[in-house]
Amino acid sequence: MSEKAQIGVTGLAVMGRNLARNFARHGHTVAVHNRSYARTKELVEQFGDEGTFLPSESAQDFVASLERPRRVVIMVKAGPATDAVIDEFAPLLEPGDMLIDAGNAHFADTRRREAALKERGLHFVGTGVSGGEEGALHGPSIMPGGSRESYESLGPLLEDISAKVDGEPCCVHVGPDGAGHFVKMVHNGIEYADMQLIAEAYDLLRQAGGHSPAEIAEIFKGWNEGRLGSYLIEITAEVLKQADPETGQPFVDVVLDRAEQKGTGRWTVQSALDLGVPISGIAEAVFARALSGDPVAREAAAGLPGPSATAGAGGTGLQADIEQALFASKIVAYAQGFQQIQAASKEYGWDIDPGAMAKIWRDGCIIRAKFLDYIKQAYDKSPQLPTLLVDDYFLEAVSGAQQGWRRVVALAAEQGVPAPGFASALAYYDGLRAKRLPAALIQGQRDFFGAHTYQRVDKPGAFHVLWATEDRNEVPA
Ligand code: 6PG
């Protein structure tokens, strides 16, 4: 009998190819397939010596080359292409087989596909994969959803190729149906926030601190040694020290300042609106990209007056303050993202363990960072933690950082440097810790114009004021 593959990958653009190579390098026999056979051939020609690949030209041969239950990883562009591949493969599969969507699919699509395939006895496993091309090859962070049963068969292979921290895989069964893709989506939302906050820190160091990009690269390198240590800080230093070979200018000065997005950050915010979870820091990051990408409005507004010129506030005090603003705002963004995961877990009955999510983000993914260890510890200690901000470590970190954070937000406002991420994170923090919020006044307004009723602080029930009468008496609603 000819050799069968433990896993197959269809869709061999760079992510799919690198995942296939990663499986092969770990000693698994990998069936490979692509819409155009040239790519499949190229993979085997170039990397065939890395392990055992079983190339197939047709979907039928590909399926036939897999051991049962079959595990088919789909790595195509999210959206209609995924449905097309499912439609092509599902009829060829048998009950118990697994289709694993490793792209950045919307979790609602994953839920729909999972339910439809379940009826046919197939497992559909929406799987988040983070770490870009390099991660896919050398060890990504992997967030599989789908049934527990599918994880029993698939999990060991995924754990094998994932990044490891102290020998522990950055891969865990997140929860049923769309849970894996949901968590990957929130990962990306946090990624957007992290990047925006870092960009604001850079902007303030440059505009208010008067530092050059090369100097700021050194500052980031220093920060990377401390509590901010993370992949995104590390690569920021690399980008900032880059000089444009053509003009000799700092690279960051020759790049058009319009940030693009494929949409996962936007999905995160859309879902948060539905769930009613205030992820304001993540939303600011998405909106900041949108603002940067609106040249017409920016051009029209370019002449709007700013503050009267103030001298740069440079010095190490400013650097320390910005480090504090960055750390505190980052904590807020993660607190918001984890709260969203907890809310979705409840809404969809996923039973996600937030500590396990922090654990698998410690390496392999784009937001990998030292401080995820503390997030893991916080949720391990108390899985129902209402917000990360009240965990001992984070409470102390934010208390220590808050004066610098406030000075930075004030300085940004004074000098007219946009810092929406820092400012909104601080407003969130102050909102959350407020003993009384002006929401009471909003309730009064709602009751006034729409008889929407309100509750009282001193007794149960709903009430309404007869605003239109002279006496304006309160009545039970
Ligand atoms: C990852 C990344 C990856 C990608 C996203 C975000 O975890 O490996 O998040 O999924 O970079 O597509 O990209 P955009 O900024 O284009 O939305």
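The values are calculated or read from the model by the stated rules, or taken from the named source; none is laboratory data. Everything quoted here is computed from the prediction, not taken from an experiment. Here the Cβ positions follow ideal geometry from the backbone for every residue, glycine too, while neighbour counts run over all protein chains shown.
Observations on the structure shown:
- Looking across the stretch 430-475, just one residue is hydroxyl-bearing (S, T, Y) and surrounded by fewer than 10 Cβ atoms within 10 Å (Cβ to Cβ), and that is T469.
- Matching residues, the stretch 247-271, being within 16 Å of the ligand (Cβ to nearest atom) and touching a helix residue (DSSP H, G or I) at 6+ places or on another chain (Cβ under 8 Å): D257, R258, A259, E260, Q261, T264, G265, R266, W267, T268, V269, S271
- Within the stretch 74-92, the set of residues being in contact with a Ser or Thr (Cβ under 8 Å, 6 or more places away or on another chain) and over 14 Å from L122 (Cβ atoms) comprises M75, V76.
- Here A59, A90, A102 are screened, and the one residue that is touching a residue at least 24 places away in the same chain (Cβ under 8 Å), within 20 Å of A31 (Cβ to Cβ) and either within 16 Å of the ligand (Cβ to nearest atom) or of a type in the set (D, E) (or both) is A102.
- Condition met for L158 (within 13 Å of the ligand (Cβ to nearest atom) and more than 19 Å from the chain's Cα centre (by Cα)): no
- Odd one out for A108, checked against (1) within 15 Å of the ligand (Cβ to nearest atom); (2) within 18 Å of the chain's Cα centre (by Cα): (1)
- Subset of the stretch 14-36 [in a loop (DSSP other than H, G, I, E, B) and surrounded by 24 or more Cβ atoms within 10 Å (Cβ to Cβ)]: N34
- Condition met for K118 (basic (K, R) and farther than 30 Å from A425 by Cβ): yes
- Being within 30 Å of I100 (Cβ to Cβ), within 16 Å of the ligand (Cβ to nearest atom), touching a residue at least 24 places away in the same chain (Cβ under 8 Å) and surrounded by 24 or more Cβ atoms within 10 Å (Cβ to Cβ) holds for only one residue in M185, M195, and it is M185.
- Within the stretch 115-148, the set of residues being of a type in the set (D, E) and either within 16 Å of the ligand (Cβ to nearest atom) or under 20 Å from T264 (Cα atoms) (or both) comprises E133, E134.
- Residue in the stretch 378-428 that is farthest from F338 (Cα to Cα), counting only those that are of a type in the set (D, E) and not in a loop (DSSP other than H, G, I, E, B): E414
- Qualifying residue in the stretch 174-181 (condition: within 16 Å of the ligand (Cβ to nearest atom) and in a helix (DSSP H, G or I)): yes
- Pair list, Cβ < 6 Å and 6+ apart or interchain, from the stretch 313-335 residues that are under 14 Å from A201 (Cβ atoms) to residues that are modelled with pLDDT under 95 and polar (S, T, N, Q): none
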